[in-house]
Amino acid sequence: MSIQVTKTPRFNIQMAPVRGDYQRIGMELREFIKRRTRKGIDVNNEPFEPYSAMYLEYRNEMGKTDFVNLEDRSEMHNSLSVLADNTKAELYYSDAQRAKVAFRHQTGAGRLPIRQHFGVNDNDAQRFIGMLNQIISDRIKKQWRN
């Protein structure tokens with residue numbers, strides 16, 4: 001009895017995610033953070049601390065609501081950017097002034113209360129780890145199919 005090989009596996013398997021994969025995941029994470037923040041929810045899925053009475057007065061004069069979503073003109077949210085390479089994706093604020101505003105909210109600098117918006121909790125992180133795992137799984141399946 002003999003064994004006949006009908007398909008030889010490719011041994012130059014490229015399983016690791018590449019820049020485009022990290023870019024896509026980074027953009028998903030960016031949109032996730034923006035959506036959550038616009039809903040008035042922090043990293044720990046809690047509502048943001050309310051605005052001060054003085055700031056609420058300013059917002060009312062501008063015709064805005066008292067809903068806390070860290071959005072004045074959307075400049076901070078729109079400044080959130082992604083930089084990816086073949087090993088990671090980094091999120092950052094591309095506008096230096098918006099980065100300062102984001103930092104002040106995140107850390108509670110000055111008289112601001114802490115409003116952690118930049119980042120994810122462990123449960124949310126699992127979603128993005130799952131995306132990365134799916135990319136690797138799909139690559140493995142594709143390599144063995146060819």
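The number of residues in the stretch 53-73 being over 26 Å from M131 (Cβ atoms) and either in contact with a Gly (Cβ under 7 Å, 6 or more places away or on another chain) or of a type in the set (G, A, S) (or both) comes to 4. Only one of the listed residues (I129, I135, I114) is of a type in the set (V, I, T) and under 29 Å from Y51 (Cβ atoms). That residue is I114.
Yes or no, residue by residue, for (1) touching a Leu at 6+ places or on another chain (Cβ under 9 Å); (2) of a type in the set (S, T, N, Q):
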residue: M15; (1), (2): no, no
residue: G20; (1), (2): no, no
residue: N45; (1), (2): no, yes
residue: L56; (1), (2): no, no
residue: D66; (1), (2): yes, no
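Could you tell me whether any residue of the stretch 72-94 is part of a loop (DSSP other than H, G, I, E, B), of a type in the set (G, A, S), surrounded by fewer than 15 Cβ atoms within 10 Å (Cβ to Cβ) and at pLDDT 95 or above? Scanning the stretch 72-94 turns up at least one residue that is part of a loop (DSSP other than H, G, I, E, B), of a type in the set (G, A, S), surrounded by fewer than 15 Cβ atoms within 10 Å (Cβ to Cβ) and at pLDDT 95 or above. Of all the residues that make up the stretch 106-124, how many are under 12 Å from the mean Cα position of the chain (by Cα) and either more than 14 Å from D42 (Cα to Cα) or not in a helix (DSSP H, G or I) (or both)? Selection size over the stretch 106-124: 5. Note on the stretch 1-25: residues that are of a type outside the set (K, R), exposed (fewer than 14 other Cβ atoms within 10 Å of the Cβ) and either closer than 25 Å to D72 by Cβ or modelled with pLDDT under 95 (or both) total 14.
Considering the stretch 100-128 alone, what residues qualify as being exposed (fewer than 15 other Cβ atoms within 10 Å of the Cβ) and touching a Ser or Thr at 6+ places or on another chain (Cβ under 9 Å)? Correct list: R111, P113, I114.
Picking from E61, E49, E28, which residue would you name as being surrounded by fewer than 16 Cβ atoms within 10 Å (Cβ to Cβ), farther than 30 Å from A16 by Cα, among the charged types (D, E, K, R) and touching a residue at least 40 places away in the same chain (Cβ under 8 Å)? After ruling out the rest, the residue left standing is E49. Assuming I135 fulfils every condition listed in (1) of a type in the set (A, V, I, L, M); (2) modelled with pLDDT of 95 or more; (3) in contact with an Asp or Glu (Cβ under 8 Å, 6 or more places away or on another chain) apart from one, which condition is it? Checking I135 against (1) of a type in the set (A, V, I, L, M); (2) modelled with pLDDT of 95 or more; (3) in contact with an Asp or Glu (Cβ under 8 Å, 6 or more places away or on another chain), the one that fails is (2). Within the set F103, F128, the sole residue that is assigned to a helix (DSSP H, G or I) and in contact (Cβ under 8 Å) with a residue 24 or more places away in the chain turns out to be F128.
Evaluated against (1) exposed (fewer than 12 other Cβ atoms within 10 Å of the Cβ); (2) within 18 Å of the chain's Cα centre (by Cα), Q97 falls short on exactly one condition, (2).
The values are calculated or read from the model by the stated rules, or taken from the named source; none is laboratory data. All values reported here derive from a predicted model rather than from experimental measurement. Don't worry about glycine lacking a Cβ; one is built from the backbone with ideal geometry, like all the others, and counts go over all protein chains shown.
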